Amino acid sequence: NWFWQSSFAEQFSGSGFTTYVVDDKKRMDQIINGEKVEINYKEKISENKLRNKLIKTTLNRISSIKSAVLCLLALEKPKHFENGNPIILDNSIIDGLNDKNKHHIFPYAYLKKQKRIDKEINSILNICFIPFELNNQIRDKKPSEYFKQYADNKNFHEILKSHLIPDDELNSI
């Protein structure tokens with residue numbers, strides 16, 4: 001609970017940082033001592049504000065939100081689009097996340113052809129964990145096109161879910 005609240009509220013950035021560290025150390029000490037601790041930060045983030053923050057959060061930005069989203073994606077145990085096998089989240093995947101031309105759900109090349117390039121292309125919400133060879137197959141196709149070739153897989157809905165991709169949104173571009 002502490003991890004998610006502090007990450008999405010960006011507790012450890014800005015001027016209140018030192019206050020939160022002291023308070024959180026006390027909470028962690030209580031947890032270590034077996035005490036039940038309520039973690040409830042004063043600043044609540046609205047769904048709309050969080051959505052805007054997520055859209056604006058990019059891979060090349062140092063951010064607790066970025067890290068939390070990558071953790072969420074990893075927790076879902078993403079599966080290969082083609083065969084449904086688990087994707088091994090090793091350095092070849094993680095290191096590739098720094099390359100802005102990799103792992104876009106709506107590929108950069110496709111959006112460029114559509115003249116739809118904007119600052120949100122590298123939004124953390126447009127990223128998924130896929131191996132290099134799959135990324136090369138996808139290249140500049142829109143999701144509704146490249147997912148068709150994998151949709152015959154009986155578990156395709158579960159595969160998309162493992163990437164936090166809502167399959168009802170695939171035809172939006």
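Some notes on this structure:
- Net lengthening on full extension, THR18/ASP140 (0.36 nm per residue, minus Cα-Cα): 39.4 nm
- Ordering 64-70, 30-36, 134-140 by mean Cβ neighbour count within 10 Å, with the highest value first, yields 64-70, 134-140, 30-36.
- Positive minus negative residues near SER162 (Lys, Arg vs Asp, Glu; Cβ under 11 Å): +1
- FRET efficiency for the pair ASN85 and LEU50, taken as 1/(1 + (r/R0)^6) with r the Cβ-Cβ distance and R0 = 22 Å, rounds to 0.10.
- Whole-number percent relative contact order across the chain, with pairs defined as alpha carbons under 8 Å at least 6 apart: 24 percent
- If R0 is taken as 41 Å, the Cβ-Cβ distance between GLU38 and ASP118 corresponds to a FRET efficiency of 0.50.
- With 32 Å as the limit, the listed pairs LYS56/LYS79; LYS49/LYS161; LYS66/LYS141; LYS36/LYS154; LYS53/LYS161 have LYS36/LYS154 beyond it between alpha carbons.
- Dimensionless Rg/Rh of the chain - Kirkwood Rh, Rg from C-alpha atoms: 1.03
All of the numbers you see were taken from the coordinates with simple rules; none came from a lab. In this text, all values refer to a predicted model and were calculated from it rather than measured experimentally. FYI the Cβ positions are ideal-geometry reconstructions off the backbone, even for glycines, and counts take in every protein chain you see.
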